[in-house]
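The values are calculated or read from the model by the stated rules, or taken from the named source; none is laboratory data. Fair warning: this is a prediction, and the values are worked out from it, not measured in the lab. FYI the Cβ positions are ideal-geometry reconstructions off the backbone, even for glycines, and counts take in every protein chain you see.
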Amino acid sequence: MAASGDGGPVVGLCTGKDCRRADGFRTVQRELRRGCTVFELPCLDVCDGVVVVVEPRSPEPQVIERVNGRGLARDLVDHVANGAELVGRLRKRRLTGAALTRARRRITRAL
């Protein structure tokens with residue numbers, strides 16, 4: 001597990017095989033590291049493009065899907081760091097039931 005950043009807002013970045021292969025993964029990773037502390041997470045089994053978890057330590061982590069470019073990553077950093085409105089192009093996914101339990105367990109192990 002690798003974390004980076006200057007102690008700012010915390011996000012988790014899925015580093016599962018599908019997310020790493022998604023278009024823009026390295027760009028998103030670089031942009032997030034500029035404004036946040038980034039924890040690399042194992043696959044969360046909620047794949048749909050690059051997956052970022054906002055506030056991974058909270059009981060109900062916010063999962064954002066399809067963060068696949070510099071602009072979207074910057075919008076996400078602005079949302080996390082400054083409380084800016086989450087732009088419509090970023091897809092929020094609400095995890096429930098077994099998916100939430102599994103994701104929490106994997107996040108907890110990674111942090």
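Of the numbered criteria (1) in contact with a Cys (Cβ under 7 Å, 6 or more places away or on another chain); (2) buried (at least 18 other Cβ atoms within 10 Å of the Cβ), the one residue 54 fails is (1). The set of residues in region 49-68 that are at negative phi and over 10 Å from the mean Cα position of the chain (by Cα) comprises 57, 58, 59, 60, 68.
Going residue by residue through region 38-54, is there one that turns out to be at pLDDT 85 or above, of a type outside the set (S, T, N, Q), in contact with a strand residue (DSSP E or B) (Cβ under 8 Å, 6 or more places away or on another chain) and in a helix (DSSP H, G or I)? No, because not a single residue in region 38-54 is at pLDDT 85 or above, of a type outside the set (S, T, N, Q), in contact with a strand residue (DSSP E or B) (Cβ under 8 Å, 6 or more places away or on another chain) and in a helix (DSSP H, G or I).
Scanning region 88-109 for residues that are surrounded by 10 or more Cβ atoms within 10 Å (Cβ to Cβ), over 13 Å from the mean Cα position of the chain (by Cα) and not in a helix (DSSP H, G or I) yields 89, 95. Give just the number: which of (1) free of Cβ contacts under 8 Å to residues at least 40 places away in the same chain; (2) surrounded by 13 or more Cβ atoms within 10 Å (Cβ to Cβ); (3) in a loop (DSSP other than H, G, I, E, B); (4) of a type outside the set (S, T, N, Q) does residue 85 not satisfy? With (1) free of Cβ contacts under 8 Å to residues at least 40 places away in the same chain; (2) surrounded by 13 or more Cβ atoms within 10 Å (Cβ to Cβ); (3) in a loop (DSSP other than H, G, I, E, B); (4) of a type outside the set (S, T, N, Q) applied to residue 85, the lone miss is (2). Checked against the criteria, residue 27 does not count as out of contact with any Lys or Arg (no Cβ under 7 Å at 6 or more places or on another chain), of a type in the set (S, T, N, Q) and not in a loop (DSSP other than H, G, I, E, B).
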